[in-house]
Amino acid sequence: MDEYLINLIDRMSETTDRNMEVGYDSSKTISWKAFREAESVENTDFVPQLIIFINNEKDKKKRDKAYFILGHLAKNTSSVKALDYLIDRIHKETDKYIISSLLDRIAEIKKPSGTDLQPLIQAIKSDKWLIRHSAIQSLNYSSDSVAETALIEILNSSDDPYNLTYTNATLNRIGTLRAIPYLEKHLKSRKRDVKDSAQYAIEEIKKRYN
C-alpha cells in the first residue's frame, strides 16, 4: 500500500499526545488532524489499495480507519467501486461499533440507481439499536424506490420513537409524494421529535414536488 496511506492510518491511530487535563484541546492532536486530512482525500488510485488492505488487515481498529478514508474518498469522488465495496463489507464485520461507523460513512455517499441496497435494508432489521439507527440513515442519497419502500415499512410497523425519528429524517431527504400519507400518521404522535420530524419531512417533500 502507498506509504502515504500507511502513514495516515498510523497518525489516525496515534494516542501518545492525548492529555485529559482541564483545558485540553483535542483539535491539536495528531489523530484529530489526521482524521481531518482523511476527510479530504481524493486520489482514486487509493481505492484498490485500501480494499486490499481491509481484506487482509486483522486489526479491526485499523480496518475502521481504512473504512473512514475509503468512505470519504467515495464521497469526494463518487467512486462506485468504493461504495459497492463498503456496502458489501457490512455483513462481513461483526463488531457493532465498526458496522455502525461503516454505515455512517455510507450515509454520506450518493448512491446511484442500481446500487445494491439490500445489505443496508437488512441492517435496518438488526436487534442492535446502534446498527439499526445508522442503517436507517445510510439510505440517505439513495436513488432507488426500494429505499423509500423500506422506510415506509418502518413507519407502518415500528413504535420505537428513535426508529421513527431517524426514518422521518431520511425521508426528509429522499422521500417522494408516496411517503406523505405514511408520514401524516405520525403527526399526532405524543413524541415531539417524531411529530416534528414527520412535519418537516412532509414540508420538504412538498417543496421538491411543487
With the other protein chains left in place, how much accessible area per residue, in square angstrom, belongs to the stretch 68-159 at a 1.4 angstrom probe? 44 Å²
Tell me what the chain gives for mean residue ellipticity at 222 nm when only DSSP H runs of n ≥ 4 count, each as -39,500 (n - 2.57), the sum divided by the residue total, rounded to 500 deg cm²/dmol. -19500 deg cm²/dmol
Could you give the alpha-carbon Rg of the chain over 2.2 N^0.38 Å, rounded to two decimals? 1.12
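For VAL146 and ASP95 in one chain, what is 0.36 nm times their gap in residues minus the Cα-Cα distance, to one decimal in nm? If you can, show how the numbers build up before the last one.
Values: separation 51, 0.36 × 51 = 18.36 nm, distance 2.67 nm.
Gain on stretching VAL146 to ASP95: 15.7 nm.
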Using eta = 1.306 mPa s and T = 10 °C, Stokes-Einstein with Kirkwood Rh from Cα pairs puts D for the stretch 1-119, in µm² s⁻¹, at 106 µm²/s
Rounded to whole Hz and in sequence order, give me ³J(HN,Hα) for the stretch 67-77 from the Karplus expression 6.51 cos²θ - 1.76 cosθ + 1.60, θ = phi - 60°, writing x for Gly and Pro. 4, 4, 4, 5, x, 6, 5, 5, 5, 6, 10
Site ILE6, offset 7 angstrom along Cα→Cβ, radius 20 Å on amide nitrogen, limited to the stretch 50-82, gives 50-70
Cα long-axis angle, helix 145-157 against the chain (0 to 90 degrees, to the nearest 10): 60 degrees
Distance cut-off 16 Å, percentage of C-alpha pairs in the stretch 109-210 lying past it: 51 percent
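State, to one decimal in nm², a quarter of the convex hull surface area for the C-alpha atoms of the stretch 77-123, i.e. the direction-averaged projected area.
In nm², the orientation-averaged hull projection of the stretch 77-123 is 3.1.
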If I take every Cα pair under 8 Å that is 6 or more residues apart in the stretch 90-158, average their sequence separation and divide by the length, what percent do I get for the relative contact order? 37 percent
Expressed as a rounded percentage, what relative contact order does the stretch 99-210 have, with Cα pairs under 8 Å and six or more residues apart? 22 percent
So, in Å, what gap is there between the alpha-carbon centers of the stretch 99-133 and the stretch 65-82? 15 Å
Over the stretch 53-117, what percent of the accessible surface lies on carbon and sulfur atoms, probe 1.4 Å? 45 percent
May I ask you to order 27-33, 109-115 by the average number of other C-beta atoms within 10 Å around their residues, highest value first? 109-115, 27-33
Which ³J(HN,Hα) values in Hz, rounded to whole numbers, follow from the phi angles of the stretch 110-115 under the Karplus curve 6.51 cos²θ - 1.76 cosθ + 1.60, where θ = phi - 60° and Gly and Pro get x? 5, 10, x, 4, x, 5
Percent relative contact order for the chain, counting Cα pairs under 8 Å at least six residues apart, stands at 12 percent
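Out of the total accessible area of the stretch 123-210 (probe 1.4 Å, heavy atoms of protein only), what percent is carbon and sulfur?
Roughly 47 percent, rounded to a whole number.
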Could you give the length gained by full extension between SER26 and TRP129, i.e. 0.36 nm per residue of separation minus their alpha carbon distance, to one decimal place? 34.2 nm
Within the stretch 184-200, list the residues whose amide N lies under 19 Å from a label point set 7 Å along Cα→Cβ of ASN156. 184-187
At q = 0.21, 0.23 Å⁻¹, work out log10 I(q)/I(0) for the stretch 127-181 with the Debye formula, treating every Cα as an identical point scatterer and leaving solvent out; two decimals please. -0.70, -0.84
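The values are calculated or read from the model by the stated rules, or taken from the named source; none is laboratory data. This one's a predicted model, so the numbers in the text were calculated from it and none came from an experiment. Counting neighbours? That spans all protein chains shown, and the Cβs are built from the backbone with ideal geometry, glycine included. Heavy atoms of the whole protein, side chains included, go into the accessibility calculation; ligands, DNA and RNA do not. Shrake-Rupley method; radii C 1.70, N 1.55, O 1.52, S 1.80 Å.
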